Amino acid sequence: QTVVNESGPAVSADELERLVRRVARLAREAELVLVAGSPPRGVASDAYARIVADAHRAGARALVDCAGAPLAAAVAARPLLAKINHLEAGALAGLDASTARGAARAARQIRSLGAESVMITRGPRDAVALIDGENVRRPIARLTIATVSTITTSRLMIRIVSHTGRRFARLRPG
């Protein structure tokens, strides 16, 4: 798998504070707040965690899709869902998440770190999730998503979870 994560533009502390305040204000009228991608250069690793916490205080739920230190901090802030790939999951959980069994173990570990639900994508093969305390594994092909890029697939997976909510949570293994 080839991963290309390009840094965005540098953001000043003042710009970040304005963004965090604006998201907190908008979260009061939202059900879900999506925090995704690599933070801009110069942004503290806890910035996404602050946004997740502000969303909670505003009555919204947060979905996160990021990596590294921002992911660890955001997971500790207790998002509704951490949607990550198997490489990011393995790094966060300290486990090999490349197999379905390993991804399920990583999902349980990440849930113990704070995420309410965890979805780990394993490329175009499938996604392993821990939702409502139950492991669920589904081939991505069954969701009829054409894989244009891993970034597109990631965003589509988050949209599916956010729009299907309870129906997705009722999927059973098998």
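The values are calculated or read from the model by the stated rules, or taken from the named source; none is laboratory data. Here the structure is a predicted model, which means the values were calculated and not measured. Protein only, heavy atoms only, side chains kept; ligands, DNA and RNA dropped before computing areas. Shrake-Rupley method; radii C 1.70, N 1.55, O 1.52, S 1.80 Å.
Ignoring ligands, DNA and RNA, how do Ser112, Ser117, Ser98 rank by accessible area with a 1.4 Å probe, largest first?
Highest to lowest solvent-accessible surface, that is Ser112, Ser98, Ser117.
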(Q) Taking a ≥ b ≥ c as the square roots of the Cα gyration tensor eigenvalues, with a/c under 1.5 meaning rounded and otherwise prolate when a/b beats b/c, else oblate, which class fits region 1-110? (A) oblate
